[in-house]
Amino acid sequence: MLKKSEKAARAASSGHVDADITDDDVELSIDMRMQSDGKRAAGSISSDGQTVQVRVLDQAVYFKADRDFWVDAANAEAAELFTGKWVKGRTVDSQETVGLRQKGTEDPGTLYVAQSDKPYPLLVVPDAKPKARPRSPSGTRRSR
């Protein structure tokens, strides 16, 4: 029976993890659905009465939480920025990060900072420059 179960699990294209874990008096609840290739997942992670929604798309991890979570995890300023928003995480040099988007400036992009006690800036990824729209031979822009 065990071998049949292993075979069925390996053949599955997706899976669901619903677990409650206690370690050193820390309780953690995980409810995640994921594809077997590891490129997509969605669900939540809860601890101490706070829940973080999680999405994984390819190599990027997105998470969204309420104000109380951000105040506890960082500070009131972070809570003001991130409450109710999807925040993109990324691994830079084996360190988990949080991506901070800057829009509406001359040089928009994302600043990735370490997701640790000391949030050092690790990587800046500028947005791709928009391609110029084609011009007609007379030099005026074509309408779309």
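The values are calculated or read from the model by the stated rules, or taken from the named source; none is laboratory data. Computed from a prediction, not measured in an experiment: that's the story for all the values here. Cβ coordinates were reconstructed from backbone atoms using ideal geometry, including for glycine residues, and neighbour counts include every protein chain displayed.
General remarks:
- With respect to being without any contact (Cβ under 8 Å) to a residue 40 or more places away in the chain, surrounded by 13 or more Cβ atoms within 10 Å (Cβ to Cβ) and on the phi > 0 side of the Ramachandran plot, G38 falls outside the description.
- E96 being more than 18 Å from the chain's Cα centre (by Cα), at pLDDT 70 or above and surrounded by fewer than 16 Cβ atoms within 10 Å (Cβ to Cβ): no
For (1) acidic (D, E); (2) in contact with a Pro (Cβ under 7 Å, 6 or more places away or on another chain); (3) modelled with pLDDT of 80 or more; (4) part of a loop (DSSP other than H, G, I, E, B), each residue gets a yes or a no:
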| residue | (1), (2), (3), (4) |
| --- | --- |
| I45 | no, no, yes, no |
| A79 | no, no, yes, no |
| K85 | no, no, yes, yes |
| E106 | yes, no, no, yes |
| K131 | no, no, no, yes |
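- Count of residues meeting criterion [among the β-branched types (V, I, T) and closer than 19 Å to F69 by Cα] in segment 1-57: 6
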